[in-house]
Structure formats: structure tokens, C-alpha cells
Amino acid sequence: MTAKTLLVLPGDGIGPEVMAQVRRVVEWLARRRNVTFDWREGLAGGAAIDAHGVPVSDETMADALAADAVMLGAVGGPKWDGVAYEKRPEAGLLRLRKELGLFANLRPAVVFDALVDASTLKPEVVKGLDIMIVRELTGGVYFGEPRGIHELPEGGFKAVNTQAYSSYEIERVGRVAFELARKRKGKVHSCEKANVMETGVLWRREMTALHKASYSDVTLEHMYADNCAMQLLRNPHQFDVIVTDNLFGDILSDEAAMLTGSLGMLPSASLGAADADGKRKAMYEPVHGSAPDIAGKDIANPCATLLSFAMCLRYSFDMMAEADLIETAVQNVLAGGLRTADIMSKGMAKVSTTVMGDSIVRELDKLTG
Ligand code: IPM
Ligand code: MG
């Protein structure tokens, strides 16, 4: 079997601490399942700025392109507030997404039974929730030109960003959403602002055409993005797959995350187009950020990163059994009453990042006898 190359970019803030727990699961896989990864590490975000003056170096970019999958922790923090805008930590993340061509960002929001009380919403609203947000990730206002801040002759400034989408960008992410829905509950909500934006009009038109041409077995509903934000709180169970653009997806996925109780629980997968062998470029990262306020304290929740690694096993390496094992281990440990600070509730045992990692590895042992 060929070595599976994993490029690991722990990044900034809590990134390195949560990624250390993935390392332990990778070691467990080698020990107990005879699966080895070629684990390579690189710098991204502020860590790369400190070392190389750029948020992702050309060498790291080349490593990412060569790897079978990339695992990213988190980037950013107040330490780099002063760096030039084009070189800020987040620019490194955007470069990785863009140059790897990761146009489809999958963000599942799943409410584990053990955490139903961690949500700020009533248990009956969120219990059993399982939503998949598919966010377009390489287009829209994040990358549109022209952009910039210009000084005006009459004084003051003008800032410009451009929201632009072409048919093919909408179609390819639409396909991902419909394909996922086929394996789930068969429903897609396509969200945009066709009532105010031409990009929304085109989005709606392309989704409708794609649905008619190839996916009429799936239910398609269009929804304005603001209504979607509201419906997510009112009745989240109406959703199965939500497909939306880069900016709306950024916002709606944070909102969906909070239905599950904590941003510390949400994994993500960013996928590119399949090549001739069906292989896709891919990067996996927790949806939470670098959380500089709690970095280095061993209190961050490693679950989102471990669940991202489970997605990596599932989508990049076809290792469904191992992915299931990790997800089950996380659920069982939560069911056993262990909580990191972000998901702590009355009567539960508050544990550190490391103890959460220990317990998940021990649970993996137990599950595999
Ligand atoms: C996310 C983050 C990023 C984004 C930031 C860190 C650039 O919020 O992955 O959702 O806006 O895409
Ligand atoms: Mg975000």
C-alpha cells in the first residue's frame, strides 16, 4: 500500500494543542489498525509569518499540493494585527483554499445526544439535529475583483469588494450538495439573496437547471439567506443539506454550529474537483478559530479537530470503519460525562484538552477490544 501523505499545519493559538490530539489518534491507528501516515508538518498563518514573513510559504504550498490531504488547526491572533493586510494570517488560509481549488466546504452540524443541553436553544428544538452546510469556498466576495480601499479626492475613502459567480462555480458546488443529499434525507435548500443581488438570481437559475437536468429525485427549495438564518433558529429540523455561497456560508455555518452547543464541536472538509482517478485535493479543519484567549492553557476542545480527522479518513482515504470509530469514541466519551470548558454543564466532569484526548484514545481501545 502506498504511504498516505498528511500535511499537518497546526497554525496558531489553540491549533497546535488540538492537533496534538490528532497525532495521538494517528499513532493509535498505526499501533492498533496497522495504518500508517506519512505525517509532515508545516507552518501556516501567524506561525509562518513569524518564520518566513508570509502566512504560507511557497514551499508549504507545494507540500500541500503534493499531499494526499491537509489537516489545518487554526490561524490568526492579535499578535499579527499590525501586519500588512495582504499578509495577515487569514490570507494564508485563503491562499491554501484557492490554490488547492477547494471549492466545496462541507460543514456538518450534528447535535450529539449527550450535548443536547449545551445548546442555548431548547432541547426539543435541537435534539437529533443533523444538517450539512455546503459552502462555496473559492469564489464570491472573498476573492472577487476589483477590491481595495481608495482615497477619494474630495476626502475620505471608498472601500470596494466584488461579489461575482460564474455558472460553472455554482454548478459544481451544487452537484456536491445534491450528491450528499442523495445519501442523506434527499433535501437541498439553496440559499442566496436573489431579491437584491444578481449573483443570487444566477445562483437560483443554475441550481434550478441542475436540479431539473440531473437531480429531480432530490427535493430542492430556494430560500433567501436571511430567512435561512431565521429558520435555523426557529425550526432547524426542516433542513438536510444547505448549499450557499462563500460569505453566506461563513455566517450560516457559525450559526448552525451554535445549535450544536459549541463551535468546539464542528469539523469541516474542503474538497476540490475529482481527478481522473476520483481523487480530490482536500483540507480538513475545525470550524472554530485560533481562540488566542485560551491558547496554551490546555483547555481547548479537541473534538472538532478529531472529527475533522474522521472526515479526512472518510473523504480522502476511504477509511469508513476508522472514521466511524473516531466519531463513536468522541460520542461515547461525551456520553460518559467528560466535558471541556466550552461544553461544560452541571453535573459533568470538566477536563483538559489532553485528558479529553487520552479518554478518546482509551475509548478507541475499548471499542476495538
Ligand atoms: C472560516 C473562517 C475564515 C473564513 C476566516 C478565518 C478567514 O471564519 O473558515 O469560517 O472567513 O472563511
Ligand atoms: Mg467563519
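Pairs meeting the criteria (first residue in region 325-344 and more than 21 Å from Thr120 (Cα to Cα), second residue among the hydroxyl-bearing types (Ser, Thr, Tyr) and in a helix (DSSP H, G or I), beta carbons under 6 Å, at least 6 apart or on different chains) are Val333/Ser359. Within region 60-111, the set of residues being among the hydrophobic types (A, V, I, L, M, F, W, C), within 15 Å of ligand 1 (Cβ to nearest atom), more than 15 Å from Gly45 (Cβ to Cβ) and in a strand (DSSP E or B) comprises Ala104, Leu106, Ala109.
Selection over region 140-163 of residues that are open to solvent by 50 Å² or more (accessible area, probe 1.4 Å) and either small (Gly, Ala, Ser) or closer than 28 Å to Val218 by Cα (or both) gives a count of 1.
Can you confirm whether Arg24 is away from ligand 1 (no atom under 16 Å from the Cβ), open to solvent by 40 Å² or more (accessible area, probe 1.4 Å) and part of a strand (DSSP E or B)?
Answer is no for this residue.
Matching residues to (1) within 16 Å of ligand 2 (Cβ to nearest atom); (2) surrounded by fewer than 19 Cβ atoms within 10 Å (Cβ to Cβ); (3) not in a helix (DSSP H, G or I):
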{"site": "Ala276", "(1), (2), (3)": "no, yes, yes"}
{"site": "Lys281", "(1), (2), (3)": "no, no, yes"}
{"site": "Val287", "(1), (2), (3)": "yes, no, yes"}
{"site": "Ser290", "(1), (2), (3)": "yes, no, yes"}
{"site": "Lys297", "(1), (2), (3)": "no, yes, yes"}
{"site": "Ala300", "(1), (2), (3)": "no, no, yes"}
{"site": "Leu306", "(1), (2), (3)": "no, no, no"}
{"site": "Cys312", "(1), (2), (3)": "no, no, no"}
{"site": "Asp324", "(1), (2), (3)": "no, yes, no"}
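Taking only region 119-149 into account, find how many residues are in contact with a strand residue (DSSP E or B) (Cβ under 8 Å, 6 or more places away or on another chain) and more than 15 Å from ligand 2 (Cβ to nearest atom).
Of all residues in region 119-149, those in contact with a strand residue (DSSP E or B) (Cβ under 8 Å, 6 or more places away or on another chain) come to 129-137, 146-149.
Now restrict to residues that are more than 15 Å from ligand 2 (Cβ to nearest atom): 129-132, 146-149.
So the answer is 8.
Are any residues in region 236-274 among the small types (Gly, Ala, Ser), open to solvent by less than 50 Å² (accessible area, probe 1.4 Å) and out of contact with any Leu (no Cβ under 9 Å at 6 or more places or on another chain), and if so, which ones? Across region 236-274, the qualifying residue is only Gly264. When we screen Ala304, Ala273 for residues that are of a type outside the set (Val, Ile, Thr), assigned by TED's automatic domain parsing to the domain that holds Val22 and more than 15 Å from ligand 1 (Cβ to nearest atom), the only hit is Ala273.
Given Val201, Val173, Val188, which one is away from ligand 1 (no atom under 16 Å from the Cβ) and either in a loop (DSSP other than H, G, I, E, B) or open to solvent by less than 10 Å² (accessible area, probe 1.4 Å) (or both)?
Details: Val201 fails: either in a loop (DSSP other than H, G, I, E, B) or open to solvent by less than 10 Å² (accessible area, probe 1.4 Å) (or both); Val173 fails: away from ligand 1 (no atom under 16 Å from the Cβ).
Just a single option satisfies the conditions, and that option is Val188.
The values are calculated or read from the model by the stated rules, or taken from the named source; none is laboratory data. All of these numbers come straight from a predicted model, not from anything done at the bench. So basically every Cβ, Gly included, is an ideal-geometry build from the backbone, and we count neighbours across all protein chains shown. Side chains are part of the model used for accessible areas, which takes the heavy atoms of the whole protein and leaves out ligands, DNA and RNA. Shrake-Rupley method; radii C 1.70, N 1.55, O 1.52, S 1.80 Å.
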